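To start, the structure itself, in structure tokens.
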Amino acid sequence: MGDGVADLSGEVSCPYCGETVEITLDPGSGSTQQYIEDCQVCCRPWVVSVEYDEDGTAHVYVDASDDQDGHDD
């Protein structure tokens, strides 16, 4: 990405407990990512969305995992 310098961490607020936590990012996984990660404080699952700009700046968003339950598999 860009000149090879990309954000390796991001700060987010848990949608469940409201705590601010720092999470590790992996720019090698692509410029747009979405995955599940548990809160380091309350252990509830989030859907993490990461988008990298061309200069390596990461935009990180988290949503409550149960907000994503659009189907019962």
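Considering region 1-34, and only residues there that are of a type in the set (A, V, I, L, M, F, W, C) and over 15 Å from Ala64 (Cα atoms), the residue that is modelled with the lowest pLDDT turns out to be Met1. Of all residues in region 1-14, those that are open to solvent by 80 Å² or more (accessible area, probe 1.4 Å) and within 10 Å of the chain's Cα centre (by Cα) total 1. Checking each residue in region 15-70 for being in contact (Cβ under 8 Å) with a residue 24 or more places away in the chain, open to solvent by 60 Å² or more (accessible area, probe 1.4 Å) and aromatic (Phe, Trp, Tyr) picks out Tyr16, Tyr61.
The values are calculated or read from the model by the stated rules, or taken from the named source; none is laboratory data. All values derive from a computational prediction rather than experimental measurement. FYI the Cβ positions are ideal-geometry reconstructions off the backbone, even for glycines, and counts take in every protein chain you see. Just so you know, the surface numbers come from the protein's heavy atoms only, side chains and all, with ligands and any DNA or RNA stripped out. Shrake-Rupley method; radii C 1.70, N 1.55, O 1.52, S 1.80 Å.
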